[in-house]
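Report on the following structure.
Derivation of every value follows stated rules applied to the coordinates shown; laboratory data play no part. For clarity, every value in this text was computed on a predicted model and none was experimentally measured. Neighbour counts run over all protein chains shown; Cβ positions are idealised from the backbone, glycine included.
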Amino acid sequence: MTDFCDMIRQAERQCQQRGARFTPIRRRVLEMIADAPGSLKAYELLDRLATEHAAARPPTVYRALEFLIDQGLVHRIESLNAYVACPCPEHAHGFQLLICRLCRRVEELHLDEINDHLTRRARERGFVVQRQTIELLGQCDACRQASKRPALYAEFP
Ligand SMILES: [Zn+2]
Ligand SMILES: [Zn+2]
């Protein structure tokens with residue numbers, strides 16, 4: 001697993017190569033997402049950012065998120081309405097997310113064959129895929145070990 005500083009340096013390099021502006025706010029938002037043990041929601045990012053930048057407003061956060069997603073540095077989790085840092089943003093990839101409903105930790109899988117298969121099947125029906133989101137909700141190994149109870153179906157906070 002890439003370490004935190006490497007990840008930020010790599011993101012900076014990647015933006016530089018593409019001529020994309022990795023502004024201090026964008027960097028800070030990425031750092032916060034990468035640093036969080038689970039995924040983060042936009043309002044959690046805003047709360048954190050506001051303690052450092054009094055001028056931070058929702059559009060500031062949303063614009064930064066949009067940029068980070070466009071650059072492949074962050075993925076949006078549709079089912080949680082939250083964000084997670086991509087562990088390997090250097091190349092475009094299909095991905096599947098394993099999302100723990102208890103601790104909100106997210107693991108990313110890269111089974112390209114699954115995305116390819118779905119895209120092909122959709123195309124056979126004349127459907128053009130513009131965005132593909134594959135999210136598996138459940139309980140991670142750590143939470144399962146810790147609880148020793150059958151899966152909890154707690155609602156998200
Ligand atoms: Zn990714
Ligand atoms: Zn968990």
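Dimensions of region 72-117 based on its C-alpha atoms, expressed as ranges along the principal axes with the largest first, amount to 29, 22, 14 Å. Which one of Ala142, Ala56, Ala82 has the biggest mean-square fluctuation once the chain is modelled by GNM with Cα springs under 10 Å? It is Ala142. Modelled this way, with points 7 Å down the Cα-to-C-beta line, the labels at Ile114 and Val129 are 1.1 nm from one another. Kindly provide log₁₀ I(q)/I(0) values, in the same order as q = 0.19, 0.27 Å⁻¹, from the Debye equation applied to equal alpha-carbon scatterers of region 4-85. Scattering profile of region 4-85, log10 relative to I(0): -0.77, -1.46.
Using 0.36 nm per residue and subtracting the Cα-Cα separation, the extra length available between Arg27 and Ala55 on full extension is 8.5 nm. Near His75: Cβ cut-off under 11 Å, other residues only, Lys/Arg at +1 and Asp/Glu at -1. The net charge is -2.
Cβ-Cβ distance of Asp6 and His93, R₀ of 25 Å, FRET efficiency by 1/(1 + (r/R0)^6): the value works out to about 0.85. Working from label points 7 Å from Cα in the Cα-to-Cβ sense, the Cys103 to Gln145 distance is 0.9 nm. Viscosity 1.306 mPa s, temperature 10 °C: what is the translational diffusion coefficient of the chain from Stokes-Einstein with a Kirkwood Rh over Cα pairs, rounded to a whole number of µm²/s? The calculation lands on 93 µm²/s. Size descriptors for region 96-153, from the alpha-carbon set: Rg then Dmax equal 15.4, 47 Å. Beta bridges from DSSP with both residues in region 96-153: antiparallel share about 45 percent, rounded to the nearest 5.
If we count trypsin sites (Lys or Arg not before Pro) as exposed when they sit in a DSSP loop and have at most 10 other beta carbons within 10 Å, what is the longest stretch of the chain that avoids them all? Here the longest segment lacking exposed loop sites spans 22-124. For chymotrypsin sites (Phe, Trp or Tyr not before Pro), the sites in region 95-153 that DSSP calls loop and that have at most 12 other Cβ atoms within 10 Å are Phe127, Tyr153. Applying a DSSP loop filter and a limit of 14 other Cβ atoms within 10 Å to the GluC sites (Glu not before Pro) in region 1-89 leaves Glu78.
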